[in-house]
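The values are calculated or read from the model by the stated rules, or taken from the named source; none is laboratory data. On a predicted model such as this, the values are computed, not experimentally measured, just so you know. Note that each Cβ is placed from the backbone with ideal geometry, even for glycine, and that neighbours are counted across all protein chains shown. Areas reflect the complete protein model, heavy atoms only, side chains present, ligands, DNA and RNA absent. Shrake-Rupley method; radii C 1.70, N 1.55, O 1.52, S 1.80 Å.
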Amino acid sequence: MTSRDTRNRLVMLSLLLIGAVLLTRPATAALTAQEIMDNALQVYEEIDDYAAVVHTYAADSLEASGSLFEQEPPQAAFNLFYRKPGEHAVQNIGGTSRGIFRVELLSSLERFKTLELQLQANREPLRGQECYVLEITDSEKPGTLARLWISPRNWNVVQLTYFLNAIEFVRTQFHYAPGERGPFLPVETRSLFPVSNRVLINRIANYEVNTGISPKLFERKNR
């Protein structure tokens, strides 16, 4: 047997051994729906409360450009308040007669974590990210369903949809400041109402976090 044959046999033996090790190595455990939800909640673990200012604009689509906010006045303005566990309240600014629409992310997550969570089999691409998709159902509210798109890149919620009796009621996308270092609070929400094809955009600014908001604000009826 030549030295070349010996060397070739040693190489083949090494490859077989490496293959055997890879085959016997335990596979990485897949994340559960609850673990994904916990990861999303952990992003905001240190936030006990916050206050922010919100301006609402009407748009033609979820992809409306930023020039919209320079050309059109807001339809409504309000202060938004949040505190753990899962409470939020609003305070109208300027006496606008229009109704206030908002999807408050942190209080939604706090509520969802106690409901039935189910992870869809495959990730879905959304706005350039491969997202986990969680389905949330509430046994006390038959006919209602929510879906969360969560990015494994930073555990931000990218989209939330609500369904009523299998009809999509509202689809809300959450936008975050580029390059922001946690906690990642949304600076904009874009909501589509598929039945009416109406789009509302909330721009959120002036966050004040963990200031100890008065409990009286959460006793208001305008929530």
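What is the sum of charges around Q120, taking Lys and Arg as +1, Asp and Glu as -1, for the other residues whose C-beta is under 13 Å from the C-beta of Q120?
Values: positive: R123, R147; negative: E124, E130, E135.
So the environment of Q120 carries a net charge of -1.
Using a 1.4 angstrom probe on the protein heavy atoms only, line up D48, D138 by accessible area, largest first. Write out the running numbers ahead of the final one.
On the way: D48 85, D138 35 Å².
From most accessible down to least: D48, D138.
Just add up the charged neighbours of A166: K/R +1, D/E -1, any other residue whose Cβ is under 13 Å from the Cβ of A166.
On the way: positive: R147; negative: E135, E168.
It works out to a net charge of -1.
Only sites in a loop by DSSP and with at most 16 other Cβ atoms within 10 Å count here; which GluC sites (Glu not before Pro) in the range 93-178 make the cut?
Loop-located and lightly packed - E140.
Return, ordered by residue number, the residues of the range 69-111 whose backbone nitrogen is under 17 Å from a label point located 7 Å along Cα→Cβ of F218.
So the set is 80-91, 104-111.
Taking 7 Å along the Cα-to-C-beta vector as the label spot, tell me the V53-A121 distance in nanometres, rounded to one decimal.
Taking the two extended label points, one gets 5.0 nm.
For a Förster distance of 25 Å, can you work out the FRET efficiency between the beta-carbons of E208 and H175, rounded to the nearest 0.05? Kindly include the intermediate steps, with their values, before the conclusion.
Values: r = 20 Å, r/R0 = 0.80.
Using R0 = 25 Å, I get an efficiency of 0.80.
Measuring from label point to label point, each 7 Å out along Cα→Cβ, what is the N165 to K113 span in nm?
About 3.4 nm separates the two model spin labels.
Any idea of F169's accessible area? Nearest 10 Å², probe 1.4 Å.
The accessible area of F169 comes to roughly 100 Å².
Express in nm, to one decimal, how much length is gained between E72 and R153 on full extension, taking 0.36 nm for each residue of separation and deducting their alpha carbon distance. Please report the intermediate quantities before stating the final value.
Details: separation 81, 0.36 × 81 = 29.16 nm, distance 3.43 nm.
Additional length available on full extension: 25.7 nm.
For an R0 of 25 angstrom, estimate the FRET efficiency from the Cβ-Cβ distance between K141 and N39 and round to the nearest 0.05. Could the numbers behind the result be given before it?
On the way: r = 25 Å, r/R0 = 1.02.
So, using R0 = 25 Å, E works out to roughly 0.50.
Any idea what diffusion coefficient the range 115-223 gets from Stokes-Einstein, in µm²/s, Kirkwood Rh on alpha carbon pairs, 4 °C, 1.567 mPa s?
Numbers: Rh = 16.0 Å.
The Stokes-Einstein estimate is 81 µm²/s.
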